[in-house]
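Colleague: Provided herewith is a single structure, encoded as structure tokens, for subsequent inquiry.
The values are calculated or read from the model by the stated rules, or taken from the named source; none is laboratory data. Quick caveat, the model's predicted, so the values are computed rather than measured. Counting neighbours? That spans all protein chains shown, and the Cβs are built from the backbone with ideal geometry, glycine included. To get the accessible areas, we keep the full protein, side chains included, count just its heavy atoms, and leave off ligands, DNA and RNA. Shrake-Rupley method; radii C 1.70, N 1.55, O 1.52, S 1.80 Å.
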Number of protein chains: 2
Amino acid sequence: MSKNSLNIGLFGFGCVGQGLYHVLKNSTGFKANITKIAVKNRNKPRAVSKDLITYNKWEILDDPAIDIVVELIDDAAEAYLIVTEALRKRKHVVTANKKLLALHLEELIALQKEHGVSLLYEGAVCGSIPILRTLEEYFDNEPIKKVSGIFNGTSNYILSKMQSERIAYTSALAEAQEKGFAESDPSGDVNGDDAAYKAVIIALHAFGLVIGPQAVLNLGISNLQKDDLGYAREKGCRIKLLPLVKRLHQNSICVFVIPQLVSSDHHLFQVENEFNGVIVDGEFSGEQFLQGRGAGSYPTGAAVLSDISALSHGYGYEYKKHRQARPLSFTNAVFLNVYLRYNTILDLEKIEFDEIYEKYESADYNYVVGKIALTTLIAEKEFIFQNRLFVALINDETDPPTHELPRQKKQKTNSNPELRKKITA
Amino acid sequence: MSKNSLNIGLFGFGCVGQGLYHVLKNSTGFKANITKIAVKNRNKPRAVSKDLITYNKWEILDDPAIDIVVELIDDAAEAYLIVTEALRKRKHVVTANKKLLALHLEELIALQKEHGVSLLYEGAVCGSIPILRTLEEYFDNEPIKKVSGIFNGTSNYILSKMQSERIAYTSALAEAQEKGFAESDPSGDVNGDDAAYKAVIIALHAFGLVIGPQAVLNLGISNLQKDDLGYAREKGCRIKLLPLVKRLHQNSICVFVIPQLVSSDHHLFQVENEFNGVIVDGEFSGEQFLQGRGAGSYPTGAAVLSDISALSHGYGYEYKKHRQARPLSFTNAVFLNVYLRYNTILDLEKIEFDEIYEKYESADYNYVVGKIALTTLIAEKEFIFQNRLFVALINDETDPPTHELPRQKKQKTNSNPELRKKITA
């Protein structure tokens, strides 16, 4: 596609849709017309001409004059119908819907190939940070060791407020909702679902791996309590919700979303509020770090604009890592170093550690730090959630099951010494 | 160009050339053959087969089987001859030589167009950080407000050692040379030339501006003394050598390289040693930050590999901002907020401030902080250098000449109070 003037059919005119409308109007070099906007709610006032608005998706999908469909609605199931139908009708598509993408990656790759069109989705992962394009075009020939980062602005906003301003979870969430960083139902953000969708997309572009989000353990931050924050603070750390996509051996990759303690010299320590940050560890380049706004009307609109512009230049993802003749497989066979806050000693019978480095017990706060199999956390996810236990990685080191992890140096906790009785296993 | 196997003619087999050789051999998906390596020194032992080596550049330039010329030599004048000749012979070229680029941008753009070939140079700016590709492809339609960062690994290494480990300038430089981060003649790194070349390249890709490096004021770090570091430390800052490429009004851009005080909450505060960091401030996206290794054999080799791979996919810079119908002009008509360490009061007659916010005098250390015209610094560059005065920006705010800058709140210095006599102008 190489036209001077593109016609865009837009689905959704919420926060990001309006952001796109603004950045398109104020772009320096690029001219594209939004010729139709399909929306659902007939009662909302719209800041654009009535002639642009339609309530019938087929007015866009069936219009041969429309070159590019931009899908920016909330409903992943409806988005799936729109995106796949548009691709079948040989329209290029831009979407920012990570759930839709994570659930249907394989089919979406095949549909692009079958119909000779492109689907771009930079705005779906880390807002304004051009991480997908960087992985596709810059790291295309470099073996990646690890991708990690802060992929969810809502949970990061809540964590920042809780840790920097010592605001309680519920108040921090309410503030995030008030500022438009969290939706009315924030469960997908705080339970790690959203970050897991993004990790699935990253796993494809960084490692060529196609997995479903159901394969990815995601332990969110909704069970986080004051004592957990106190523990992190004593260690000079902050708790961040981090997806980790990591190559273990030559051919196996693990992917999970677990809160992690990051120390003050860590890139992500200072990534606060609605900002996102991504670390890409390449075999040749070493650690690269990218930071930018992970959410918001204009930043995400800018990512969508960039995709539209790329489509106008004939760009499409080539899924280079996916096509490279180096098959990588997904694995959960890995040991992790975690902090677990538990209620009673019976919890530890259920959630069995391979090795315990530290154990602390008191009247109302108990924790262990040790090595645990990822498969144990997966098996007990529901138990952890229901019993309001909290799990955080103490680092992002991973250990294959056959190796012994060296014992960590014990660290002393220094608050409430009179209440605390230190037991080392 | 879309071939399964590319033939590369390589000029230079030093640090980056050998890095490229390594990353090409260990790349995941990409196969390209280095069919000839042209080197100068006949007496150096080479870690590759003798058959690959030539001492005659025409063996590469005249070989029709060679698709891509990769130029990685030190000598900018010779590099210019090689690169322009290769383009004229309709070969694609990759170079990492920022001096050659900065001195001849306009001609190099024209040559590419005339001969229908591409010149890529991601490795020339900030080593492994994909900043040019990001500006070209991701920010192509977004108005940029500012690009800044740490563009020179050598000077950053020296500054880091001086500030974190309190090592003297000469020892820090010697250590940088020993570790291979500084060349035997580091003058271009520490006097700001190297950063200025990179700023010129950035000005093209971020703003479409073609200027020569002679237009860019560069005040380096070679006059830095202990008292300057003490001043920065008292303010909770670190001194970093930062190029600033900034849009002032709708149509004017200033570009200069001056050391700057950055505070602990600034992205660049933690960018230490040989690392580089770039801040791109976009009108829609807000502040983006990219960090990675700015030098080194494999990281720069990886940047060159990425360019070679892009060429194999038909990629070329389109210089989109340069072609966009929004002419921007270069200006030095701007006021800056600077710290100046001077020797005697006569220096201040020569280097005239528009407004002085703070003045400090003692037996052996004098400074002023105030507003000064960039044109004054340009006029007195030689005087500053010869008299070992030191200039640093106290922030990156800029003021057009017609506006009055509000007076800053005076800050007290708190060390050596008995020695210091505070005079406020």
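Colleague: Scan chain A and report its longest stretch carrying no GluC sites (Glu not before Pro) that are both in a DSSP loop and have at most 10 other Cβ atoms within 10 Å.
Modeller: Numbers: sites that count: A:165, A:404, A:418.
Answer from the scan: A:166-403.
Colleague: Moving to a separate point now. I need the semi-axes of the equivalent ellipsoid of chain A: take the C-alpha gyration tensor, multiply each eigenvalue by 5, square-root it, list largest first in whole angstrom. Walk me through the numbers before you get to the answer.
Modeller: Values: eigenvalues 340, 114, 61 Å².
Over the Cα atoms of chain A, the ellipsoid semi-axes are 41, 24, 17 Å.
Colleague: Would you kindly find the accessible area of residue B:254, with a 1.4 Å probe and non-protein molecules such as ligands, DNA and RNA excluded, rounding to the nearest 10 Å²?
Modeller: The accessible area comes out at roughly 0 Å².
Colleague: Here's something else I'd like to know. Below 8 Å, C-alpha to C-alpha, sequence gap of six or more: please give me the relative contact order for the stretch B:324-401 in percent.
Modeller: Values: 123 pairs, mean separation 35.2, N = 78.
Reported as a whole number, the value is 45 percent.
Colleague: Take A:399, B:51 and sort them by solvent-accessible surface of the protein heavy atoms, 1.4 Å probe, largest at the top.
Modeller: Working: A:399 15, B:51 120 Å².
Final ranking, largest accessible area leading: B:51, A:399.
Colleague: Can I ask one more? Report, in listed order, any pair from A:161/B:145; B:98/B:179; A:146/B:240 with a Cα-Cα distance greater than 27 Å. Display every interim value, and only then the final one.
Modeller: Numbers: A:161/B:145 29 Å; B:98/B:179 22 Å; A:146/B:240 29 Å.
Distance filter (> 27 Å) returns A:161/B:145; A:146/B:240.
Colleague: Right, another one. Among A:351, A:340, A:299, which residue has its Cα furthest toward the positive end of the charge dipole of chain A, with +1 on Lys/Arg Cβ and -1 on Asp/Glu Cβ?
Modeller: A:299
Colleague: Follow-up question, since we're still on this one. Taking +1 at the Cβ of each Lys and Arg and -1 at the Cβ of each Asp and Glu, which of A:210, A:200, A:83 sits farthest along the dipole of chain A towards its positive end, judged by Cα position relative to the Cα centre?
Modeller: After comparing all options, I get A:83.
Colleague: Output the relative contact order of the stretch B:86-211, whole-number percent, from Cα pairs under 8 angstrom with separation of 6+ residues. Provide the component values of the computation, followed by the final result.
Modeller: Values: 124 pairs, mean separation 35.8, N = 126.
The normalised contact order for the stretch B:86-211 reaches 28 percent.
Colleague: In addition: Suppose the Debye formula is applied to equal point scatterers at every Cα of the stretch A:209-293; what is log10 I(q)/I(0) at q = 0.18, 0.20, 0.27 Å⁻¹?
Modeller: Listed by q, the Debye log ratios stand at -0.97, -1.13, -1.37.
Colleague: Another question, then. How big is the charge dipole of the stretch B:37-94 about its Cα centre, in debye rounded to the nearest 20, if each Lys and Arg gets +1 on its Cβ and each Asp and Glu gets -1 on its Cβ? Working shown, then result.
Modeller: Numbers: 10 positive and 10 negative charges, 26 e Å.
Dipole of the stretch B:37-94, to the nearest 20 debye: 120 debye.
Colleague: In whole angstrom, how far apart do the alpha carbon centroids of the stretch A:128-153 and the stretch A:265-296 sit?
Modeller: 10 Å
Colleague: Same structure, new question: Per 0.36 nm of contour for each residue apart, how much would the distance between residue A:225 and residue A:48 grow if the chain were fully extended, relative to their Cα-Cα spacing? It would help to have the intermediate numbers written out before the result.
Modeller: Numbers: separation 177, 0.36 × 177 = 63.72 nm, distance 4.50 nm.
Additional length available on full extension: 59.2 nm.
Colleague: Okay, moving on. Given the Cα-Cα distance of residue A:166 and residue A:234 and 0.36 nm per residue of separation, how much length would full extension add, in nm?
Modeller: Values: separation 68, 0.36 × 68 = 24.48 nm, distance 1.44 nm.
Length difference between fully extended and current span is 23.0 nm.
Colleague: Same structure again: Which residue, B:143, B:61, B:116, has the largest displacement toward the positive end of the dipole of the stretch B:13-153 when charges sit on each Cβ (Lys, Arg +1; Asp, Glu -1)?
Modeller: So the residue we want is B:61.
Colleague: Ok, one more. Please state the charge dipole magnitude for chain A, taken about the Cα centre, from unit charges on C-beta atoms (+1 on K and R, -1 on D and E), reported in debye and rounded to the nearest 20.
Modeller: In debye, rounded to 20, chain A gives about 560.
Colleague: Roughly what would the spin-label model give for residue B:363 and residue B:214, points 7 Å off Cα along C-beta, in nm?
Modeller: 4.7 nm
Colleague: For a Förster distance of 45 Å, can you work out the FRET efficiency between the beta-carbons of residue B:251 and residue A:58, rounded to the nearest 0.05? Mind showing how you got there, number by number?
Modeller: On the way: r = 45 Å, r/R0 = 1.01.
Efficiency at R0 = 45 Å is approximately 0.50.
Colleague: Something else now. At 0.36 nm per residue, minus the direct Cα-Cα distance, what do residue B:265 and residue B:31 gain on full extension? Give it in nm, one decimal, please. Before the final figure, lay out the partial values.
Modeller: Details: separation 234, 0.36 × 234 = 84.24 nm, distance 4.34 nm.
Here the answer is 79.9 nm.
Colleague: As a test of reading the structure, rank B:330, B:353 by solvent-accessible area (1.4 Å probe, protein chains only), most first.
Modeller: Greatest to least solvent exposure: B:330, B:353.
Colleague: Quote the accessible area belonging to residue A:58 in square angstrom, nearest 10, computed with a 1.4 Å probe and with ligands, DNA and RNA left uncounted.
Modeller: Approximately 100 Å² for this residue.
Colleague: Moving to a separate point now. Between copies, how far does the label point of residue B:64 sit from its twins, in nm, shortest first, when each point is 7 Å from Cα along Cα→Cβ?
Modeller: Inter-copy label distances (nm, one decimal, shortest first): 4.6.
Colleague: How many percent of the accessible area of the stretch A:234-316 is carbon or sulfur, using a 1.4 Å probe? Please report the intermediate quantities before stating the final value.
Modeller: On the way: 870 of 2010 Å².
Carbon plus sulfur share of accessible area: 43 percent.
Colleague: Sticking with this one: If the reach is capped at under 16 angstrom between alpha carbons, list the lysines near residue A:50, excluding any in the same chain fewer than eight residues apart.
Modeller: A:36, A:40
Colleague: Convert each backbone phi in the stretch B:213-226 into a coupling constant with the Karplus relation 6.51 cos²θ - 1.76 cosθ + 1.60 (shift: θ = phi - 60°), then list the ³J(HN,Hα) values in order as whole Hz, x for Gly and Pro.
Modeller: My calculation for the stretch B:213-226 gives x, 5, 7, 9, 5, 10, 9, x, 10, 6, 8, 4, 10, 3 Hz in order.
Colleague: What residues does the stretch B:115-137 have that are buried by at least 10 Å² of accessible area in the full protein assembly compared to the chain on its own, 1.4 angstrom probe?
Modeller: Flagged in the stretch B:115-137: B:128, B:130, B:133, B:134, B:137.
Colleague: To the nearest 10 degrees, how steeply does helix A:297-312 sit against the main Cα axis of chain A, on a 0 to 90 scale?
Modeller: It works out to around 50 degrees.
Colleague: How big is the charge dipole of the stretch B:289-408 about its Cα centre, in debye rounded to the nearest 20, if each Lys and Arg gets +1 on its Cβ and each Asp and Glu gets -1 on its Cβ?
Modeller: 660 debye
Colleague: For Cα pairs less than 8 Å apart in space and 6+ apart in sequence, what is the mean separation divided by the residue count of chain A, i.e. the relative contact order in percent?
Modeller: Values: 878 pairs, mean separation 74.1, N = 425.
This gives 17 percent for chain A.
Colleague: Please give the per residue accessible area of chain A, computed with a probe of 1.4 Å over protein heavy atoms only, in Å².
Modeller: Numbers: 16700 Å² over 425 residues.
I get 39 Å² per residue for chain A.
Colleague: Ordering A:341, A:166 from largest to smallest accessible area (1.4 angstrom probe), what's the sequence? Mind dumping the intermediate values first?
Modeller: Details: A:341 10, A:166 160 Å².
Sorted descending by solvent-accessible area, the residues read A:166, A:341.
Colleague: So what are the ³J(HN,Hα) numbers for the stretch B:15-26, from phi and the Karplus equation (6.51, -1.76, 1.60; θ = phi - 60°), rounded to whole Hz, Gly and Pro as x?
Modeller: Here the 3J(HN,Hα) series is 4, 6, x, 5, x, 4, 4, 5, 5, 4, 5, 10 Hz.
Colleague: Counting only pairs 8 or more residues apart or on different chains, how many lysine pairs in the stretch A:243-400 have their Cα atoms under 23 Å apart?
Modeller: Lysine pair count for the stretch A:243-400: 10.
Colleague: Once the principal axes of the Cα atoms of the stretch B:55-198 are found, what is the range along each, listed largest first in whole angstroms?
Modeller: 54, 45, 21
Colleague: Please give the total accessible area that chains B and A bury against each other, computed with a 1.4 Å probe and expressed in Å² to the nearest 100. Present the calculation step by step, with values, prior to reporting the outcome.
Modeller: Working: alone 18450 and 18460 Å², together 33390 Å².
Buried: approximately 3500 Å² between A and B.
Colleague: Could you pull the accessible area for residue B:145 with a 1.4 Å probe, rounded to 10 Å²?
Modeller: Residue B:145 has an accessible surface of roughly 80 Å² with all protein chains in place.
Colleague: Also: Select from B:14, B:230, B:29 the residue whose mean-square fluctuation is largest in a Gaussian network model of chain B (Cα-Cα springs shorter than 10 Å).
Modeller: The residue with the greatest mean-square fluctuation here is B:29.
Colleague: Right, next: How many Å³ per residue does the convex hull of the Cα positions in the protein assembly as shown occupy? Kindly include the intermediate steps, with their values, before the conclusion.
Modeller: On the way: hull volume 154.9 nm³, N = 850.
Convex hull of Cα atoms, per residue: 182 Å³.
Colleague: Using only the alpha-carbon atoms, what does the stretch B:246-384 span along each of its principal axes? Please give whole angstrom values in decreasing order.
Modeller: On the principal axes, the stretch B:246-384 reaches 62, 39, 30 Å in Cα extent.
Colleague: Between residue B:115 and residue B:175, what FRET efficiency follows from the Cβ-Cβ distance if R0 is 35 Å, with the result rounded to 0.05? Present the calculation step by step, with values, prior to reporting the outcome.
Modeller: Working: r = 45 Å, r/R0 = 1.27.
Here the calculated transfer efficiency is 0.20.
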